[in-house]
Amino acid sequence: MSNRFLIRQFNQWQKVDTALVLATVVHTEGSTYSKAGRHILIRESGEHAGLISGGCLEGDLAEQARDVFETGMAQTITYDMR
């Protein structure tokens, strides 16, 4: 999904949600579904826009985002798919 799509989705969700989490891929190694710079926007409900994997990491990121919603503190999450 394009950054334009995520910006439009952000603007739409911002009207009804108090908080949103933007997760960004910051580093990859080897063969990956997406490279650094890819984003996913997550609502407090767990709904998300964008993909950073073939669908296997988005659900976990929504779970990890709960901590960010609760604490307001950014996190770095590392996935090792080897």
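The values are calculated or read from the model by the stated rules, or taken from the named source; none is laboratory data. As the structure is a prediction and not an experimental result, all values here were calculated from the model. All Cβ positions, glycine included, derive from the backbone under ideal geometry; neighbour counts span all protein chains shown. We work out accessible area using only protein heavy atoms, side chains counted, and drop any ligands, DNA or RNA first. Shrake-Rupley method; radii C 1.70, N 1.55, O 1.52, S 1.80 Å.
The number of residues in segment 36-55 being more than 12 Å from the chain's Cα centre (by Cα) and at pLDDT 90 or above comes to 2. No other residue among SER45, SER34 is at negative phi, open to solvent by less than 50 Å² (accessible area, probe 1.4 Å), among the polar types (S, T, N, Q) and in a loop (DSSP other than H, G, I, E, B) apart from SER34. Restricting attention to segment 48-74, which residues are assigned to a loop (DSSP other than H, G, I, E, B), open to solvent by 50 Å² or more (accessible area, probe 1.4 Å) and within 23 Å of ASN11 (Cα to Cα)? Within segment 48-74, LEU51, GLY72, MET73, ALA74 meet the criteria.
In segment 11-31, which residue that is more than 17 Å from GLU58 (Cβ to Cβ) and among the hydrophobic types (A, V, I, L, M, F, W, C) is surrounded by the most Cβ atoms within 10 Å (Cβ to Cβ)? Walk me through how you get there before you give the answer.
Taking segment 11-31 and keeping what is more than 17 Å from GLU58 (Cβ to Cβ), we get 11-12, 14-19, 27, 29-31.
Going one step further and asking which of them are among the hydrophobic types (A, V, I, L, M, F, W, C), we end up with 16, 19.
Details: VAL16: 7, ALA19: 14.
Ranking the candidates gives ALA19 first.
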